[in-house]
1. Could I have the simple spin-label model distance between A:Asp155 and A:Ser386, label points 7 Å from Cα toward Cβ, reported in nm to one decimal?
2. Between A:Asn396 and B:Thr264, with labels modelled 7 Å along Cα→Cβ, what's the label distance in nm to one decimal, could you check?
3. Rank-order B:238-244, A:363-369 by packing density, defined as the average count of other C-beta atoms within 10 Å over each peptide's residues, highest first.
4. With each run of n ≥ 4 DSSP H residues scored as -39500 (n - 2.57), what mean residue ellipticity at 222 nm is computed for chain B after dividing by its residue count and rounding to the nearest 500 deg cm²/dmol?
5. Taking the Cβ-Cβ separation of B:Ile219 and A:Thr446 as r and a Förster radius of 35 Å, what is the calculated FRET efficiency to the nearest 0.05?
6. How many lysine pairs are close in region B:35-298, with Cα atoms under 26 Å apart and the two 8 or more places apart or on different chains?
7. Using +1 at the C-beta of Lys and Arg and -1 at the C-beta of Asp and Glu, which of A:Gln299, A:Met285, A:Val244 has the Cα lying farthest in the positive direction of the dipole of region A:201-377?
8. Would you calculate the convex hull of the Cα atoms in region B:35-298 and tell me its volume per residue in Å³?
Amino acid sequence: MTELAVRIGGQAGDGIASIGESIARSFSRMGLHVFGLNAYQSVIRGGHVWFQARASDGRPYSPGDGTDILYALDKATVDIHGAGVRPGGAVLFDPEKFSVAPSELPAGVTPLGVPTLQIARKYTSQSILQNAGGIGATAFLAGIPLPLLHEVLTDSFGRKAGEIVDWNVGASAEGYRFAEAHGHAHDHALSRQGEPKLLMNGNTAIALGAAAAGCKFLSQYPMTPASSIMHWLAAHSTALGVVVKQAEDELAAINMAIGASFAGVRAMTATSGGGFSLMVEALGMAGMTETPLVVVEAQRAGPSTGLPTKTEQGDLNMMLGAGQGEFPRAILAPSCPAEAYRSMIDAFRLAEEFQTPILVASDLHLSENFMTVDRSEIDLNVPVPSLFTVPPSETNYLRYQYTDSGVSPRAIPGQPGLMFVAGSDEHDERGHLVSDIHAGIPRYVTERQRMMEKRMRKLGGLARAAPLPVLEGPPDAPLTFVAWGSTVGAVRDARAELAAGGKATNLLRFPTVYPIAADAARPLLEKARRTLLVEANFSGQFGRLLRAELGFACSDRLLKYDGEPFLPHEIVARALEVM
Amino acid sequence: MSQTAAPPRPTGLGAALPVVGKSDTRPTWCPGCGDFGVVAAVEMAVKRLQLPSHTVVVISGIGCSSNLPHFLSSYGFHGIHGRVLPVAEGIRWANHGLTVIGTGGDGDGFGIGAGHFVHAMRRNVDLTYVTMDNQIYGLTTGQASPTSTMGQKTKSTPNGVIENPIDPVSLALASGATYIARGFSGDVKHLADLVANGIQHKGFSFVDVFSPCVTYNKINTFDFFRQRVYKLESAGHDPTDLVAAWQRSLEWGDKIPIGLFYKTDRPTYEDLEEVLAAGPLALQPAGLRGKESLLDEFV
Ligand SMILES: Cc1ncc(C[n+]2csc(CCOP(=O)(O)OP(=O)(O)O)c2C)c(N)n1
Ligand code: SF4
């Protein structure tokens, strides 16, 4: 696996993310696999932001451990990221803005001054065009063919952008040629590998998966890192026939989605931990009224407002416990965009089959970072069955009928003859309240107990129907990593690195974190010789869940709660310590 | 009028579908509670409009008043405290062929649910919202509500309320509701007219109802209102005149107006939401089969 990592750094407002995306997209169009990390702060201008595009002929699952080409738009970028440039690499900068001496860089790393501002001035007085020269020079060093870069830039501005496109094409060509004349392509410069790949972040994959699953309604209140789910669906709302509603708050968002689902459309909401905290009571209402609902919880570092632009897996406990009383739920935790797409399809399938809320646990690292996906991984041919399943001729219809599975026939308002009241109060099979004049009367005490048991029976079905735990790697390896969600990516890269060094490991990952299919998980855990739990929170929340559910304690842990994603080398180091 | 729903499915039951009436559940309100008059008026209104039971959804929150959906033969959603309107909006947007009626108390609507109240009105969602405003928290046994009178002694305000009450009618005027009325559960026929006209009005219809809590509110009793209410219709009020509506909404004291304060026509949220032009969302095709070109934007 040959890899090349390009990092671009500067201030918020410098256009770092768009430079990064152009580089990442150029790689993906070359048929390479890419991981694109967009690191930013909770400021709109100023501060320090960077983007890392790690490309490879194999599949990178994380931002990786080093950089080969650093394009620094300010001196701070050199100070912060210079030391991470690997030997053989280069640091691009504009000598008109600041200087970089070879002595400031690690051995074997070359500074390359590119007159990006001077190039830009030939076209316009807008200094933002300096980026074009920088992108061109970066592309040369990285092995990106100039015509392909030009296609990417033209597409990103839109063909209507007129002279802006021409300036960018011209300036990037000059940057490219300057680098050709004064530098040399990186030894790891990559070449075309085949068909272009798709490049998407977790949130677009989530939005796309929802639409493919038949979702027709999203109500959401903006909150990082969940907002771009709404942005993508809003941009495609008319074309796809999906109603997108920015609600007045998260209380409204979830209640609107429940109303829409009750009335017969597949509906969802999405938020981060703060918003999810506000949704808690309504989540229980979906459980009690047995209304299908999909909630995406894109976690960020808490508690409270926390680090709004940094990642964490700290909300698992809340997702497990959200809501007074007990009701069935499932929590899916995709690890990468391709899996996020499939998770949404699973989530809608489960919500509908079990008529209960299904949570999809993402986090900032998955939601906002980019990975390549093969077209074959995105199957749009998802069955979307009709929700009108109860024949209107049904006599003596019981909305909450006791069944073995716990799932009762669901009528939709508008269907004649099947009228019922969905109640957040406890009710009998017909939906009549047992909470007021009946409460405590022996017959209704039994009724309550039976209704609780009916609902909770769905949990068994959910555990069987949700994606099962997966063991990756040699079954008899001396060390088993245990991970869930986006952390899985860095563990996969760490395993590859360990394997390259002759150390076999395997990974037990949980695409469904709750309910855990005990029959599937227990034998795998019991076979493990040593288990290293890797999760991005302070207390090892998933480890605790495993102990509670299966009585299994992982022998070792690696926990991280600094807001940054796991990097492979951190996992490798911890693995070598415990092996 | 909110379209009397084209049933989303072939009925199979023949033409004579039952219209909304009483359900087989009897109200459990205290004898004499104002809410009896409100459920009677709502029933009278939907009956008059001959709305088939299966095309009507009545939504509520939590409170004594919020038990109302159980007493009608339509579809119902008895949700959680304060969230009537977002649930009702979601239902409307999922199937705008349905007639949607929100119900609940003053605590539910103007206390815990105040934010939703304002926003649903500015959106002009085509639904009817009937509040049983007893100026007290009934179900929780008599604490102050957002519409309790200054100085009123309640369990939570033994020394009297020290907050100015919300006036739901002026709040509705400020928020952009397009049909704003006030009724009295002591005059069921008049209230039924207000509700029926509200259902027929295309846009957000708000009917605030003086619905006395005979158990916990000893100030705002049936007698209190009987002595004070007068009808705007008989006082020459022009409900298309916004300034006059504002003036009337400020009247409180010996004479308190009931009836239609304001009515105007404005496009509804459903009119403006492009996706709904293709018909009720619940009946539209879903999924992305055959839409492979959508993936091109990711290349
Ligand atoms: C989130 C939440 N907070 C508090 C309550 C308790 N509660 C139930 S009804 C109610 C207020 C009832 O007053 P109102 O809405 O005016 O209705 P009424 O009973 O007077 O008809 C309260 C506070 C609740 N059910 N849920
Ligand atoms: S407590 Fe008041 S509001 Fe509740 S049922 Fe009795 S009279 Fe009606």
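1. According to this spin-label approximation, the distance is 4.0 nm.
2. Modelled inter-label distance: 5.5 nm.
3. Output ranking for B:238-244, A:363-369: A:363-369, B:238-244.
4. Counting only the DSSP helices, I get -7000 deg cm²/dmol.
5. Details: r = 43 Å, r/R0 = 1.23.
It comes out at approximately 0.25.
6. Value for region B:35-298: 19.
7. Of A:Gln299, A:Met285, A:Val244, it is A:Val244.
8. 145
Read the figures in this text as sums done on the coordinates, not as results from a lab. This one's a predicted model, so the numbers in the text were calculated from it and none came from an experiment. We place every Cβ from the backbone using ideal geometry, glycine too, and count neighbours over all the protein chains shown.
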